[in-house]
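Notes follow the structure.
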Amino acid sequence: MAEPALPAEDVPLPALHASHAGSWLCGSEGAVRGSSKGEAVMAAADTPHLILNAPLIATRLGYPDLSGLDLLELFAFVHPAVFCVPTPKGLAHALGLPEPEDGAQVPRLLRQAAGVLLATCEREDWAAREGAWSVLQSLARLRWPWAQVLSPHIAKPERAEKWLFSRLPEWDESAERPQPAQVALDEVAIQGQLERLTGEGSEKREGQRAYSRDVGNIFAPRERRDKPHVLLAQAGTGIGKTLGYLAPASLWAEASGGTVWVSTYTKNLQRQLRSEAARAWPDRRADGTRPVVVRKGRENYLCLLNLEDALQGGFGGRAAILAQLVARWAAYSQDGDMIGGDLPGWLGTLFRQRAIRSLTDQRGECIYAGCPHYRKCFIERAARASAQADLVIANHALVMVNAARGRDHAQRPTRIVFDEGHHVFDAADSTFAAALTGQEAIELKRWILGPERGSKGRRRGLAARLADVASYDEAGGEAITAACDAAQALPGEGWLGRLAENAPSGEIEALLAAVRAITYARDESGAVDAGYGIETEAAGLTGDFVERAQAAAQALAEIRSPLIKLGVRLEAMLEDAPDWLDAQGRARIEGARFSLTWRIDTLAAWESLLGRLGGPADPEFVDWLNVERNDTREFDIGLHRRFVDPMKPFARTVLEPAHGVMLTSATLTDRNEDGPDWPSAIAKSGAPHIEVQPRLTDATSPFDYASRAEVLIVTDVKKGDLAGLAGAYARIIEASKGGVLGLFTAIRRLRAVHGRIADRLAREGLPLFAQHVDPIDTGTLVDIFRDDPHASLLGTDALRDGVDVPGHSLRCVVMEQVPWPKPSILHRARRAAGGGSAYDDKIIRGRLAQAFGRLIRSRDDRGHFIVLSPAFPSRLLTAFPPGVPVTRLTLDEALQRVAAGVSCDDTKFEEDART
Ligand code: SF4
């Protein structure tokens, strides 16, 4: 947005700001003064103050009940679906106001920002006027603090406003696409397309051209059934990989009429792809359809029926206010994506993240064509749009789930580019896992029986969802009744409490009680006392345990059997449709059939997991029992099964039916002394499981790592010395004047370090943010970090390769220690199968390479990569790009280097050539 601020009056309301450096109050007359935390709390409790990001200010003041007039809530109302970094500086940018220079100037900014936002509501050209007055009336009834302030600024419309559900457009049904034409891409055409996409006169990069040509091969017609073309492409940062594969992909899509799926692991890359794809495709085709579609799992999108339910009393208190603001957003959202789309990530944290989740379709309870909003549903729209698209941008999990149990055969991906290909293994691991836990079982029970008495909401059980089937088809009705009776054996509300008191109810709870008892009895990890989750392998189980498992398996089979019968009846109804079954009813039954299959498969996987307990171990799988805990509080208990090699089911489900697949990444191969380890990369691709020999290609990064980066291994910060670790972080951040990304392997250490140094750094004008500490979602934390070159950010795994911050904001990465894999039962089994310590080394080198990759994102980036580990093994150093200087030194020496910066020849700087 960032239009220049309107000449708006300050709003004469008191304002409050607090950071780690201090607190400031501004009275209604406009005078700002520093205050103690206690004084600030008293003032806010007395009169509602203007604040920015109440949960964060509450943490800073140590007063969780803080409330007031939060500018972010007002921003969400006035500018729904508009991006804003939720900091004083970010707000100032979004509204075109001058940045505050320090904390003392923030209260004044808040008054100005409120003035600009209120003045916007009076402007003729306010883009989000429609619906504002109506929503404001509802918010006033809910006693939203801003309602009274806003009311005089929003005129009542002369004509009735279009309300959300009438404002949203309907999607159109369109004919199925024919199968793609078989075309082979010409190398000259690929080069031409690449030149067109990179732009006239742009630098010709040989690495990118060769890469693009190699990618073209995966689109060639397949020669043998079940044998796709597979390409493994190592693509160093900066070669221009995205356009490198979009060039052949766009050519093929145009020539064949088919769809290419590009799958990513992080939302960052999805965003980048969306903008780069605009070079190859127009926003819309002549017929109004979109050639490029971002597709996510259904649990990401707003379910309009859930929202309607929330607006009509399903939500109470603050959550009801959130529902109104979400309704404002939904009317202006591009695609209804609540997680990583245009809904500000901070909106959920201002209210309750759980409330955001319950507005999506988490539990697969969609009633499809039975839903009054079906024709406007965001999820259905995205699914239809992707069937017609040339390019679908998705994530690994969705591509795998679609391949495994896609509703529609025509929508299964057959040409797939897995970018961030080093994450395919982890995504396959989760997709093909089985977990019989209390939480999973209770979800199944709710899906079959509906919510238990006393819960609010529209959720209904199978009997209510399929009432017409039950009354029309006797056998179908009997199957529903039998499934409902059998589902009583599943755990119900309060199951964790009953297990803790050793009073389980039903066969499944009885089994989970035994899982709990045996896990506590056997865990030797030390996590029992530390409060973390505990686990034990599913071996050496007693006769009593095995009997309970058999009884539980029997109970599950009794649920599955009527569900299978019901599926057969639904199938029969679809084949020989009764007169009353119109197109909508048909779609609803097809939807029910689909979700039924998914539940039947889950039950079968659970039974198979239980069936093997007590028998010989199956070398293909790792089975274990666990109790998930957080700070000693138990939140789930269950049995787990994973494939030792999840690429085996991946190969059968995703690769085999496909025609062309590429896995690409800057860290696709491990690097040992002999260079890239291709044999491991091939084994890890899954291709050998379907007897396909993948093509290999390697494009080296054009970045001059050797002169732009230094690896410093600090040898005098002792392991376990928390005070020393915190001191080292503080001094590095001071030496670098911010711009530090700190990576931790344990949340506890991260919190301890942050608690010791945040205030001290803030007083020096070096704000420190942290995952697991600040009540801010990870994406927003990265936005804040990117926006302020003096800020630093601490985090764990998600930041190790989900951060793309080119430029000065990120100039130093610090790892607190060597990132060893967590010694879990699953890891032990894979380690044994994968070559022992060599397997660990590969994992660690991969993690180091990913973390190092955060540092140099563009040609003109430079900086230090620091590991605070006296015992850093030399065999891991090949993780870093060849030629990068590595020095073992003391902390003091490291600080001198950080303060001096990395010097290099800047005349070589050219355009930002990020991947
Ligand atoms: S069709 Fe399903 S997901 Fe869409 S709004 Fe209705 S119930 Fe929600």
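Table for the structure above
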quantity	calculated
Residue match in segment 724-739 (condition: among the hydroxyl-bearing types (S, T, Y), in a helix (DSSP H, G or I), in the same structural domain as P789 (by the TED database) and under 30 Å from S903 (Cα atoms))	yes
Qualifying residue in segment 27-36 (condition: crowded, with 20+ Cβ neighbours inside 10 Å and over 20 Å from R786 (Cβ atoms))	no
Sole exception among (1) buried (at least 16 other Cβ atoms within 10 Å of the Cβ); (2) over 34 Å from the mean Cα position of the chain (by Cα) for A113, by number	(2)
Filter pass, V399 being crowded, with 21+ Cβ neighbours inside 10 Å and modelled with pLDDT of 95 or more	no
Some residue of segment 412-426 being of a type in the set (G, A, S) and either open to solvent by 40 Å² or more (accessible area, probe 1.4 Å) or more than 27 Å from S685 (Cβ to Cβ) (or both)	no
Yes/no for S874 being modelled with pLDDT of 90 or more, over 26 Å from L766 (Cβ atoms) and surrounded by fewer than 13 Cβ atoms within 10 Å (Cβ to Cβ)	yes
Residue count for segment 119-142, restricted to those that are open to solvent by 10 Å² or more (accessible area, probe 1.4 Å), part of a helix (DSSP H, G or I) and among the hydrophobic types (A, V, I, L, M, F, W, C)	3
Residue within segment 345-357 that is assigned to a helix (DSSP H, G or I), more than 16 Å from the chain's Cα centre (by Cα) and within 13 Å of the ligand (Cβ to nearest atom) present	no
Selection within segment 162-208 - open to solvent by 70 Å² or more (accessible area, probe 1.4 Å) and of a type in the set (F, W, Y)	W163
Residues (surrounded by fewer than 19 Cβ atoms within 10 Å (Cβ to Cβ) and of a type in the set (V, I, T)) located in segment 469-511	T481
Qualifying residues in segment 358-394 (those that are part of a loop (DSSP other than H, G, I, E, B) and within 21 Å of the chain's Cα centre (by Cα)) - the one nearest to the ligand (Cβ to nearest atom)	D361
Residues satisfying the stated conditions in segment 873-891, i.e. among the β-branched types (V, I, T) and part of a loop (DSSP other than H, G, I, E, B)	V884, T890
Members of segment 666-686 found to be open to solvent by less than 40 Å² (accessible area, probe 1.4 Å) and over 25 Å from S874 (Cβ atoms), listed by number	I682, S685, G686
Matching option when the condition is in contact with a Gly (Cβ under 7 Å, 6 or more places away or on another chain) and assigned to a helix (DSSP H, G or I), among A441, A464, A435, A489	A464
Total residues in segment 497-515, condition within 32 Å of the chain's Cα centre (by Cα) and modelled with pLDDT of 95 or more	4
Where a residue in segment 370-392 is within 29 Å of A249 (Cα to Cα) and touching a residue at least 60 places away in the same chain (Cβ under 8 Å) and its partner, wherever it lies, is within 9 Å of the ligand (Cβ to nearest atom) and part of a helix (DSSP H, G or I), with Cβ under 6 Å and at least six apart	I379/R298
Residues within segment 406-418 that are assigned to a helix (DSSP H, G or I) and touching a helix residue (DSSP H, G or I) at 6+ places or on another chain (Cβ under 6 Å), tallied	1
Which numbered condition D65 misses (of (1) outside any helix (DSSP H, G or I); (2) open to solvent by less than 20 Å² (accessible area, probe 1.4 Å))	(2)
Where I518 falls short, out of the listed (1) of a type outside the set (F, W, Y); (2) in contact with a Ser or Thr (Cβ under 7 Å, 6 or more places away or on another chain); (3) outside any helix (DSSP H, G or I)	(3)
Filtered residue count, segment 280-323, keeping only those that are assigned to a helix (DSSP H, G or I) and more than 16 Å from the ligand (Cβ to nearest atom)	7
Of residues in segment 331-344 being open to solvent by less than 30 Å² (accessible area, probe 1.4 Å) and not in a loop (DSSP other than H, G, I, E, B), the one farthest from the ligand (Cβ to nearest atom)	A331
Residue that is nearest to L139 (Cα to Cα), among those in segment 74-97 that are assigned to a helix (DSSP H, G or I) and either touching a Phe, Trp or Tyr at 6+ places or on another chain (Cβ under 6 Å) or open to solvent by 30 Å² or more (accessible area, probe 1.4 Å) (or both)	L74
Residue count for segment 18-37, restricted to those that are assigned to a strand (DSSP E or B) and touching a Lys or Arg at 6+ places or on another chain (Cβ under 9 Å)	8
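The values are calculated or read from the model by the stated rules, or taken from the named source; none is laboratory data. Predicted model only: the values in this text are computed from it and were never measured. Cβ sites come from the backbone with ideal geometry, for glycine too, and all protein chains shown count toward neighbours. The protein model used for the area step is the full one, side chains on, heavy atoms only, and it has no ligands, DNA or RNA in it. Shrake-Rupley method; radii C 1.70, N 1.55, O 1.52, S 1.80 Å.
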